[in-house]
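All of the numbers you see were taken from the coordinates with simple rules; none came from a lab. The structure presented is a predicted model; accordingly, all values stated were derived computationally and were not measured. So basically every Cβ, Gly included, is an ideal-geometry build from the backbone, and we count neighbours across all protein chains shown.
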Amino acid sequence: MPPLLPPLFSDIRVRWSGSRAILPEMTENDYPMNELVREERRPIDPDDRYRVPDGLRDAEHRAKEILAAIPDAKMERTRDVFQFESRCDAEDGLVLLVTAEAVEIRLPTTEWVCGAYGPAPSSRLWRRVPWEKVAARKRGLAGLIEAGRRARRKQFFTCPFCKGRWPSELGAAGACHGCATEHLDVVF
Ligand SMILES: [Zn+2]
């Protein structure tokens, strides 16, 4: 139930945003932002697109935990979902999806969107862990991220022909795609 309006407003049509009354001539964006809140929100809402004048949503608090753990992660967001990419061109790259309820750890991969052609960077689910289970882990979020990085590192192998390091999605018959075609007659 929204709180009762003061008498002055009782005959004005208002809509409610949480417990905040939005008067007809105002939008939520007309409310002044508390400067401290603005500063707190800046890392997770740099363009002020999802503004809340009074604080942070649950998912936004969680997103700040991720940024604290992986400061160089590349962040993109909608209102309720954050995606972070970290070192996806390295052997320990990760993609993380963050909501209020859980963090989803994803491992980078390449999809072939046109049979054996059309490589498209993508990711696959590794673990989805509710936040309360993250907290119950011995090393918390840092430990979970490290476990995800370990899982990604395990997907890499050394090609016996070119000696290059390749992720499993770019390998076939124990070699990299190029060497499998050249030396092992693998046809893609
Ligand atoms: Zn090779």
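Placing a pseudo-label 7 Å from each Cα along the Cα-to-Cβ vector at Phe157 and Ala136 gives an inter-label distance of 3.6 nm. Sites count as exposed loop sites when they are GluC sites (Glu not before Pro), lie in a DSSP loop, and have at most 15 other Cβ atoms within 10 angstrom; the longest stretch of the chain without one is 102-188. Estimated from the Cβ-Cβ distance and a Förster radius of 41 angstrom, the FRET efficiency linking Trp126 and Asp48 is about 0.80.
In whole angstrom, region 55-154 maps to an equivalent ellipsoid with semi-axes of 24, 16, 12, each derived as √(5λ) from the alpha carbon gyration tensor and ordered largest first. Of Leu56, Leu141, the sequence from fewest to most neighbouring Cβ atoms within 10 angstrom is Leu56, Leu141. Put simply, the C-alpha atoms of region 113-188 give a gyration tensor, and the ellipsoid matching it has half-axes of 34, 15, 7 Å, longest first. Exposure here means at most 12 other Cβ atoms within 10 Å; with trypsin sites (Lys or Arg not before Pro) in a DSSP loop as sites, the longest stretch of the chain lacking them is 80-137. Dividing the mean sequence gap of close Cα pairs (under 8 Å, 6+ apart) by how many residues the chain holds gives a relative contact order of 10 percent.
For the chain, the longest principal axis of the Cα atoms and the long axis of helix 58-69 meet at an angle of about 50 degrees.
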